[in-house]
1. How high is the relative contact order of the range 137-227, in percent, with contacts defined as C-alpha pairs under 8 Å that are six or more residues apart?
2. Tell me which chymotrypsin sites (Phe, Trp or Tyr not before Pro) from the range 108-199 have a DSSP coil assignment and no more than 13 other beta carbons within 10 Å of their own.
3. What does the extension gain come out to for N216 and F183, with contour length at 0.36 nm per residue minus their alpha carbon separation?
4. Could you work out how much longer the chain between T33 and W174 gets when fully extended? Use 0.36 nm per residue separation minus the Cα distance between them, nm to one decimal.
5. At 7 Å along the Cα-to-beta-carbon direction for both I127 and H79, put a label point, then send me their distance in nm to one decimal.
6. How high is the FRET efficiency between D192 and K90 when r is their beta carbon distance and R₀ equals 41 Å, given to the nearest 0.05?
7. Given a Förster radius of 25 Å and the C-beta distance between R117 and E46 as r, what FRET efficiency does 1/(1 + (r/R0)^6) yield to the nearest 0.05?
8. Cα convex hull of the range 173-227: mean projected area in nm², to one decimal?
Amino acid sequence: MIKNFLKNYFIKKFLSLVGALYVYIVYISSQKTFINKDNFDKIILENKSFIYALWHDQLLLSPFTWQTKNRIEILISKHKDGDIIADLIKYHGFNSIRGSTNNPNKEKEKNTISSIRKIIKTLKANISIGITPDGPRGPRHKVSEGTINISRISNKKILPMALAYKEQWVLNTWDKFIIPKPFNKICIVWGDPIDIKINKIDVPIQQEALEKSLINITEIATNHIDS
């Protein structure tokens, strides 16, 4: 029933508009703490595109962590819920690339290759890309090799980022998607940039490195909020 509900064009547009207004209210009404923001500021000063990586469950308020005039486009899945997120971030001035870096079955392989080509082309045009390395369908908090391969092929750095909230709702979805409440406490943490200049054989090692970084900074953000 919900899937049929989300197929309606006008309902999706309405949810996107309401969602965009809601996340704006959440952000401006909340107390914010920034940790390791120098990591973000320094990579921005390089004036080169990079991959902005965060877990899929933390996606909702991520556009507000991009406090710069430098361009970025966000990779959003082609699923129906992805339509809503893509429109939502557009209200806040961000364009999206629709697709995935992960191909769970051969039928989607062509779409995945097409998405990766668009991402690499965008990065080479000096436009950064926001990617959820465990999206669009998991496993949760597991980095897919697609993100690492994109970094390797494009020779672009990866900057990990994490958000945590004092008060939130957690949806019953594969990623336990987080919806923060208004008048909240928000903590945003940036990890150290990861510079991948590797051969394909080293991809699993870099997957683990990015995974550990995202897990670590998520834990830092969560512990700060809980302290």
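1. Normalised by residue count, the contact order of the range 137-227 is 39 percent.
2. Hits after loop and neighbour filter: F183.
3. Going from the current span to full extension adds 9.3 nm.
4. Between T33 and W174, full extension yields an extra 48.0 nm.
5. 2.5
6. After rounding, the FRET efficiency stands at 0.85.
7. Efficiency at R0 = 25 Å is approximately 0.55.
8. 5.4
Quick note: the coordinates plus some simple rules give every number you see, no bench work behind them. No experiment lies behind these values; they were computed from the predicted model shown. Here the Cβ is made from the backbone with ideal geometry for all residues, glycine too, and neighbour counts use every protein chain on show.
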